[in-house]
Amino acid sequence: MKKIGQSRESSLLLTGLPWLAKRWRFVVLMAVFSLPQAAWSAKDPAVPAKYAHWLNQEVNYLITNDERSLFLHLASDDARDRFIETFWAVRNPSLNAPTNVFKEEHYRRLEYANQNYGSLSLGDGEGTDRGMTYVTLGAPAQIQSYPESKSLRPLQIWFYENTSGALPVHFYVMFYKQSPIEDYKIYSPTGDRPQKLVNGTSAVNDDARATKMIDADLGVEVAHVALSLIPGEPVDLKSPAPSMQSDILISNIQNYRNLPVNKDLLKLRRGELQSVSHRVILGEQFTDLTTFVSRGSASDVSLHYLFKFREPRDLGLAQQTDGRYYYSFSMEAHLKGPDGKEIYKDVRKIADYLTEKRYQEIREMTFGVEGRLPIAPGKYELQLSLTNSISKQVFQQSRAIVVPAFDHPLAMSPVFFASMQPPERDPAGDLPFSFSGVKLSPLGSDNAVIVQGSPLRILFQLWEAPGTPDALRGQSLIVNYMIGQLGTQDKKEEEQTVDRGDFDRSGNLLLGKDIRTEVIQPGNYRLVLKVTNPADHSTVYQSLNFEIATPSARPAALWTVTAAPLHSPDDAGNDVYRAGLCSLANQHLGEAAGYFEKALAVRSTNVAASKALAETYRKQGNLRAAEELEKKTQGVAQP
């Protein structure tokens with residue numbers, strides 16, 4: 001016996017994916033074969049090429065007749081995309097897992113079939129009988145190959161062990177070549193009969209003679225398979241009568257997708273998929289939110305956030321039948337303008353697997369999500385919703401955000417505490433809490449807990465109007481750090497002098513300060529930061545509460561994942577376009593036009609940015625520019 005594709009153990013697991021069937025208590029919905037591909041194509045109404053390829057060459061052994069009919073009547077690409085997304089979702093054995101193992105296995109089988117069957121140059125292996133069987137059932141447990149024998153045509157016999165319930169527990173699939181130049185054809189005991197396996201005309205219309213020749217050439221086991229594909233089914237080699245049950249087996253393999261048991265299970269899976277919409281919405285008492293606004297060069301403003309759980313138990317992991325742990329979240333960020341209307345929404349899927357080692361490391365740690373969003377000077381409300389797709393719990397937080405104008409004489413960002421973890425390199429500067437190519441690890445802001453003896457690491461950014469900092473060299477700002485408790489006169493103060501020549505040309509300076517906590521007694525405190533310009537006596541303040549905890553009351557360590565970087569290579573210029581929407585919502589028309597023009601310079605086919613820029617021109621009274629842009633935009637399709 002020769003094994004195909006994988007080891008015997010692996011092949012058994014892949015055959016019908018019984019381990020997935022056990023997980024969901026139903027037959028895994030594997031591929032089906034009903035009509036030849038050409039027959040389907042002749043009936044198909046016109047659909048775009050990529051969808052026709054998906055329908056007829058990628059999922060032709062999976063999609064049921066009802067699903068095919070529904071897909072062919074869809075009127076838009078958006079509807080087709082949603083159909084395909086749902087198509088794979090209902091077949092996913094773990095609805096919220098980071099990957100769809102069913103989909104991955106299906107495409108692995110397609111690739112294997114195209115590389116090993118049919119014409120390698122044409123890549124048509126999936127359209128052959130062996131390709132259909134392999135894609136439908138996976139690798140056989142064993143394979144017997146007889147390319148040459150005394151009296152018989154080339155044969156292959158695949159042996160399967162099945163646990164799905166739709167097919168026999170054990171069965172064979174036989175293939176034969178009608179001529180040397182033809183591909184292997186699936187064998188039907190009643191449709192082909194044993195005589196088809198014999199070369200020449202010596203056994204025409206004589207199954208008894210054909211069976212005897214098969215026995216003589218290859219043995220009694222193969223002779224038995226020629227009459228019945230089901231081991232243990234009684235046969236008479238002397239008076240052969242091919243098995244009708246074998247033809248039913250072949251028919252069920254070819255039409256696997258449309259078997260009633262599989263269609264019923266698809267219906268059940270759709271019901272399970274729809275049930276994910278039932279969610280439990282929880283208040284802010286379970287989570288903490290840290291927000292930070294940073295300015296960069298060229299009017300680049302970012303809103304960073306850390307959304308973290310207060311307790312490790314709120315994470316909610318799941319474990320697949322293969323033993324792997326995973327998490328699955330969806331983060332929705334809604335940014336609203338001063339009028340309360342939504343400016344834009346950012347939705348990110350956050351899911352991944354954890355190794356056993358990593359699971360053991362994080363099981364007692366609190367979980368957080370870091371994100372970074374484009375923003376512009378103005379007033380906003382940030383609303384965050386973190387949905388645990390496993391537990392169906394939704395955690396929500398919101399914050400008022402104020403970003404001062406670029407030409408403001410002196411301003412200060414919000415303040416956050418950083419952890420003592422070594423910083424990470426971020427050459428692109430796209431990650432949350434990343435500055436000058438270095439990513440810091442936030443610990444929190446208001447109500448953060450610091451262990452006594454650990455430095456209180458304070459970070460914030462100072463802003464001045466853009467200019468030439470060298471001209472200000474030697475002029476100073478005074479930064480005062482004061483820590484105190486309500487109801488007491490005890491205060492801890494430290495002072496720092498900042499040279500205004502250290503600001504960059506955009507008027508930005510990132511400051512960090514470590515304050516020792518060994519002499520600070522455990523308790524709740526308030527930090528007040530005051531920055532004064534002695535030249536004009538202007539002053540800005542920020543304050544926040546924090547707690548000093550004893551080492552024995554050390555809080556759980558924090559581990560975080562990133563929702564998404566600021567700049568997405570798949571959607572170039574979208575961050576600048578969103579910044580323009582922020583300026584437009586705050587009626588900063590000049591800034592909005594600048595952002596939209598920059599977005600179009602990055603990607604000229606950004607229709608949304610073109611329309612927004614035309615709207616901005618109209619509000620500015622520049623009707624001619626608006627009309628010219630609208631004419632230019634007509635007929636431009638979004639890629």
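A few points about this structure:
- Within segment 483-512, the set of residues being among the β-branched types (Val, Ile, Thr) and either in contact with a Ser or Thr (Cβ under 8 Å, 6 or more places away or on another chain) or open to solvent by less than 20 Å² (accessible area, probe 1.4 Å) (or both) comprises 483, 497, 498.
- When segment 216-231 is limited to residues that are open to solvent by 60 Å² or more (accessible area, probe 1.4 Å) and touching a residue at least 12 places away in the same chain (Cβ under 8 Å), the one that is nearest to residue 156 (Cα to Cα) turns out to be 220.
- Residue check, residue 346 modelled with pLDDT of 90 or more and outside any strand (DSSP E or B): no
- Of the helices (runs of 4 or more DSSP H) lying entirely inside segment 64-155, those carrying at least 2 residues that are closer than 30 Å to residue 328 by Cβ, open to solvent by 40 Å² or more (accessible area, probe 1.4 Å) and not basic (Lys, Arg) are 65-72, 77-89, 101-116.
- Unique residue being touching a residue at least 12 places away in the same chain (Cβ under 8 Å) and crowded, with 22+ Cβ neighbours inside 10 Å when the list is 382, 410, 386: 386
- Unmet requirement for residue 182, which otherwise passes all of (1) farther than 30 Å from residue 64 by Cα; (2) assigned to a loop (DSSP other than H, G, I, E, B); (3) free of Cβ contacts under 8 Å to residues at least 12 places away in the same chain: (1)
The values are calculated or read from the model by the stated rules, or taken from the named source; none is laboratory data. In this text, all values refer to a predicted model and were calculated from it rather than measured experimentally. Please note: Cβ atoms are built from the backbone with ideal geometry, for glycine as well, and neighbour counts cover all protein chains shown. Note: accessible area is taken over every heavy atom of the protein model, side chains too, but ligands, DNA and RNA are not part of it. Shrake-Rupley method; radii C 1.70, N 1.55, O 1.52, S 1.80 Å.
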